[in-house]
1. Could you tell me what % of all Cα pairs in segment 127-281 have separations over 21 Å?
2. Rounded, prolate or oblate: pick one for segment 1-142, where a ≥ b ≥ c are the square roots of the eigenvalues of its C-alpha gyration tensor, a/c under 1.5 means rounded, and failing that, prolate if a/b is larger than b/c, else oblate.
3. What number do you get for segment 232-295 when its Cα radius of gyration is normalised by 2.2 N^0.38 Å, N = residues?
4. Give me the net charge for the shell around Glu290: Cβ to Cβ below 15 angstrom, other residues only, Lys and Arg +1, Asp and Glu -1.
5. So what's the net charge close to Asn307: Lys and Arg +1, Asp and Glu -1, counting the other residues with Cβ under 13 Å from its Cβ?
6. Please state the charge dipole magnitude for segment 93-147, taken about the Cα centre, from unit charges on C-beta atoms (+1 on K and R, -1 on D and E), reported in debye and rounded to the nearest 20.
7. Compute the normalised compactness of the chain: alpha-carbon radius of gyration over 2.2 N^0.38 Å, N being the residue count.
8. Starting with the highest mean, order 208-215, 248-255, 59-66 by the number of other Cβ atoms within 10 Å, averaged over the residues of each peptide.
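Bear in mind these aren't lab numbers, they're just calculated from the coordinates by the rules spelled out. The shown structure was predicted, so the numbers you read here are calculated from the model rather than taken from an experiment. For neighbour counting, all protein chains shown are included, and Cβ atoms are generated from backbone atoms with ideal geometry for every residue, glycine included.
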Amino acid sequence: METLRKLADIPDERFKPRWEYVPGDVRPITYVHAEAYKSQRASDFQQHSASEIELPSKLDELERQSSSNQDVTASLTLVSMNRDRDENISITKGAFMALYKRFGIDLRFLQHVRTNRYGLHYDWEGTRCSYYVGTALYILMWSFDRSTRATKAILLSRDFISAEELGSLRRLLQLEIKRLHSPFLLAWVSLVHLSNWMDASTYHLLTSIRQLEELTGYGPYGRKNTNNQVPIDRLTQASKDIGHVQVNLANQQRHVTIGSAIAGHIATRGAKLTDYAVGVYVPKCREELEEFNATIPSLQRSLNDSNAYVDYLQERVRSQNTVVYALMTHEDARINIELAKASKELAEAAKKDSSSMKSIAIMV
C-alpha cells in the first residue's frame, strides 16, 4: 500500500498557477466547523470563508479552541473548493497539498482525484481511516481519527453544480451534525444527498422523454400529428436530445451502484465498531451507527426503484431513437422526391423556353 501512496499524485497543471493568485480573491474557500459536546449543550455548526493564504491560520485557531475545550467530544472540519469542467482545482498545488496532508487523508486518493474516479473507496493508516466518495457532483474525501473523534474533510465541487445543490448538502449535514462520533456521518449524508439528487435528475430526464414523445407522436405522451410531418431541423435537435438523455440515464445507473455500495458499507460496520471507536465512545459510536442503519432499508429501496425506473426510461428513449431515425429517413426521402420533382419541372420549363427561342429565331 505504501508504494501506491508514493506513486499517487496530481499534476501541477491541474491547479491554479501561483502567478494567477491575487490578494482578496473574489472566490474564497468556504469551510464549516462543527463540534459535539459532553454536556447537554447543543452541537455547534459554523460556516466561514477565507482565501487560501488565510486558511491555515484560520484552521489553527479552530483546532486550538477545540483542543482546549474539555467539553468537546468530537469535531468536524470540512473545506470546500471548486473545480472547473476539466477537473482543475481552483487553488495552488502547494496550498492544496498542505491542507491534504494536514487533514491526514490517505495519499492513495490523490490518484482517484487525478482520474476523477467515481465510487466509494476507503482505507486505514494507523488510528485513522480515510474515505473517498466520487460522484458527478463532487468528490468528498475525509479522515477520521478514532482516538480524537476528529473528522477532517475536503469537498471538491464542480463549477456547473448550482449553489443551491451544494447548499442542500450542507443543510443535510447540519441536520445530522450531532452524530460526529464515527466516520459514517459524511458517508450517510452523501448517500441521502445522492438519492435525492437522482430522484430529481431522473424526473428531469422523464420530462425530456415526454417532450420527445410529443414531438414524434409516438409513446405514452405522443400526440397524433395531423400532417405527420416534423421539420428536419427539429428532428436533428431531437436526435441530439436523445443522445443527451441516453448518456445521463447510463450515468444514473452508475450512481445507483455507488449509492448501493455506500449503503452496504454502512450496514455491515456493526460487527467492527472497535475499528472506529475506543473506550467509553464505543457505545456512542454504536448508537449513531444504529440510527444511520435504521434508514438504510428505505434508502436502498429508493435506489432499487431508481434503477428499475431508469431501465424503463431507457426503453422509452430507445423507442424514440428508432422513431426519430425513421422520421428523419422519411423526411429525407420526401425532400429528395420534392427536389427530383422540382428538377423535372425545371427541365421541362427549360425545354419549353428552348422551343420558344427556336420559334422566335425561325420567325426572325
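1. It works out to 57 percent of all Cα pairs.
2. On the way: a/c = 1.94, a/b = 1.28, b/c = 1.52.
It is oblate, given that a/c is not under 1.5 and a/b is not larger than b/c.
3. Numbers: Rg = 21.6 Å, N = 64, 2.2 N^0.38 = 10.7 Å.
Cα-based Rg divided by the globular estimate yields 2.02.
4. Numbers: positive: Lys178, Arg179, Arg269, Lys272, Lys284, Arg286; negative: Glu176, Glu287, Glu288, Glu291.
That works out to +2.
5. Working: positive: Arg254, Arg301; negative: Asp199, Asp305, Asp311.
Once all neighbours under 13 Å are counted, the net charge is -1.
6. Working: 8 positive and 4 negative charges, 38 e Å.
Using only the charged Cβ atoms, the result is roughly 180 debye.
7. On the way: Rg = 29.7 Å, N = 364, 2.2 N^0.38 = 20.7 Å.
Rounded to two decimals, the normalised Rg is 1.43.
8. Values: 208-215: 18.8, 248-255: 17.1, 59-66: 14.2.
For the peptides 208-215, 248-255, 59-66, the packing ranking is 208-215, 248-255, 59-66.
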